[in-house]
Amino acid sequence: MNGTARLFALLLVVTAGIFAAGCPQRTTIAEIERNPSRHVDKEVVITGVVKDSYGISIPGTNMRGGIYKVDDGTGSIWVMTENTVPAKGAEIGVRGTVGNGVSYKGRNYGLGMYEKDRRFSKK
């Protein structure tokens, strides 16, 4: 391997490491509930099934949002969103920030998440 190829390989490995370090780590809901102080105000990724959802979406306006409960088999957590809420039974992955005292429409849901991104499971 010549010097240019080695330099390219090294740069590739360093770049991949930087991108990997910037991605939030997938965690279980049980881990979040077991040690909430470690996760509050941190970005995490969870996956699970939507068990309950409440929201509003008025077509033709920017009025939408709500809250939904995700269960991953180890526990469940409420997720607040400014987008439309997923349907009950949907298999999803959620990236967001863990918060203590998540509130929606005057109701406090305790430990929860503020959604930043959502992906649906491909079947």
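Assorted remarks:
- Filter result for THR47 (in contact (Cβ under 8 Å) with a residue 40 or more places away in the chain and either under 22 Å from ARG107 (Cβ atoms) or surrounded by 16 or more Cβ atoms within 10 Å (Cβ to Cβ) (or both)): yes
- Breaking point among (1) surrounded by 12 or more Cβ atoms within 10 Å (Cβ to Cβ); (2) within 23 Å of GLN25 (Cβ to Cβ); (3) among the charged types (D, E, K, R), for ASP41: (1)
Bear in mind these aren't lab numbers, they're just calculated from the coordinates by the rules spelled out. Since the model is a prediction, treat every value here as computed from it, not as a measurement. Cβ coordinates were reconstructed from backbone atoms using ideal geometry, including for glycine residues, and neighbour counts include every protein chain displayed.
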